[in-house]
Structures are given as structure tokens and as C-alpha cells.
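The values are calculated or read from the model by the stated rules, or taken from the named source; none is laboratory data. Because the structure is a prediction, the values reported are computed rather than measured. Counting neighbours? That spans all protein chains shown, and the Cβs are built from the backbone with ideal geometry, glycine included.
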Amino acid sequence: MTFTTRQLKKAARIILIGAPGVGKGTQTERLLSKFPELASISSGDLLRENVRSKTPLGREAEATIQAGNLVPDSMILDLISSEFSSRGWLAQSSTSPISSSASFILDGFPRTASQASSLDSLVPVNFVVHLVTPPSIILSRIASRWVHESSGRVYNTDFNAPKVPGKDDVTGEPLTQREDDSIDTWKQRLHKFEETSKSLLQHYQRKGCLWRVEGNSSDEITPKLFAEFERKFC
């Protein structure tokens, strides 16, 4: 899909919340395409880049991971803060730490209400999108997904089918389904999301910045998301 770009009238600080397979990555890409002032800030990418570059934070994170421990929330916040500093987004005023020019989609953090509370002191998030697609639709997508292992090419028999059933378009080699694409695995992932997301959604509901959008596909959700985003920020 191609989109006409739009300018923002005020800063947008966005978090997308949704079940695995709902299309958060697709919506992020489309928002970035239509609104070039937005930046994507991925906590996972920041962590990997700092480890790879052997920054002080990266070395600390690597040592934590090698010890078999989870990277603490405080370290993720430090990574995000460091990224904002490098972009010139951290203002000097303690009452408004983030520059008014900073517009971004924050990916991968927060995942819990306690993480959201920690983030509040650093990032005044003003648009939290709850993407909703029925679990039965997500499971149907997964059941229809096939991959060419050596290249990573992904097909879906419902909307992106291979030219020859069961064969890769380029090599003609057989397609397979990933082990972690089993329906039982995905049912567990969806159930876990429902459990862990409730308090997170409630946190942003109380703050008055939560907006829910439903659809059976990314193409159905995108126009609704764009309309609400333009109403708030353009």
C-alpha cells in the first residue's frame, strides 16, 4: 500500500498494544510511511545494538544476559533515555523532560503496568492504540502460513499463496510450517497476552490516552487508525 504523507501539528508519542499476530509491525510501518516525522524506537533493537557496539550499557546488559538473568526494567529505561539523548530529544527542564519535537512509536516496552509506570516519568505517552483482531482470525492466519526455510520467504494460502501449492515461487523447493506456528503454541501465546495485558491497558485507560480499534485484517484497521491519528495530531 502507498500513502500520501502528512505533517504533524503536535508531537505524537505512541505505543501499540495487541496480541501476537495482530499486525503491530504492519501498522508501525504504515504509520512511519504516512507520517515521516515519526521515528520507531525499538527497545529490543536498542539492546542488541548496544551489546554489539559494546557501550557501557551494552556490556552491562550482556553480562546480565550471560548470567542467565532478565535485563531489568531500569536498564531498558536507561537505553531508551540514552537513545533520546542521542537524538537531541531530552530537554533540560525536569517538568518536561522530552523535547516537544519528539514524535515516535515505542516498540517492545512497556509490556506490563509496572513498566508503564516507570516509563511515565521519562516519556509522556499520549496515544496508546489497542489493536484487536478476533483470536479465531489470528489462528486461521497462522494455520495458513508457510515458509521457505532457506530464504525466509513467507506465504499465506489465504492472501499471498505460492504460485504452485506447497512450492517456493523462486526455487520450487518445498514449503514448510514452523514448529512454533502450531495452533496449540499460538493458543498459549494469545492466552498469555490476554492475562498480562489487562493491567497495562487499564493503566493507560486511567490516563485517558487509550484508543481501541478492531478489524479482521491490517487493511481493515489501517484506515481507522489513520483517521484517528490525523484527528489527534494533524
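Annotation note: Cβ proximity below 6 Å between a residue of the range 109-137 that is within 25 Å of TRP186 (Cα to Cα) and a residue that is of a type in the set (Lys, Arg) and modelled with pLDDT of 95 or more (sequence gap 6+ or interchain) occurs for HIS130/ARG212. The set of residues from the range 182-234 being hydroxyl-bearing (Ser, Thr, Tyr), assigned to a helix (DSSP H, G or I) and within 17 Å of the chain's Cα centre (by Cα) comprises THR196, SER197, TYR204, SER218, THR222. Of everything in the range 177-186, what is surrounded by 13 or more Cβ atoms within 10 Å (Cβ to Cβ) and either in contact (Cβ under 8 Å) with a residue 12 or more places away in the chain or within 13 Å of VAL154 (Cβ to Cβ) (or both)? Give them in sequence order. Selection gives GLN177, ARG178, ASP181, TRP186.
Of all residues in the range 69-88, those that are touching a residue at least 12 places away in the same chain (Cβ under 8 Å) have Cβ atoms under 7 Å from Cβ atoms of residues that are among the acidic types (Asp, Glu) and surrounded by 10 or more Cβ atoms within 10 Å (Cβ to Cβ), 6 or more apart or on another chain, in MET75/GLU60. For the range 96-119, the set of residues classified as surrounded by fewer than 15 Cβ atoms within 10 Å (Cβ to Cβ) and either modelled with pLDDT of 90 or more or outside any loop (DSSP other than H, G, I, E, B) (or both) consists of SER114, SER117, listed by residue number. Filtered by the rule that a residue be in a helix (DSSP H, G or I) and over 26 Å from LEU38 (Cα atoms), the range 120-158 gives PRO135, SER136, ILE137, ILE138, LEU139, SER140, ARG141, ILE142, ALA143. Within the range 19-41, being β-branched (Val, Ile, Thr) and either more than 11 Å from ILE105 (Cα to Cα) or crowded, with 20+ Cβ neighbours inside 10 Å (or both) holds for VAL22, THR26, ILE41. Among the residues of the range 126-137, those identified as surrounded by 15 or more Cβ atoms within 10 Å (Cβ to Cβ) and more than 17 Å from GLU195 (Cα to Cα) are ASN126, PHE127, VAL128, VAL129.
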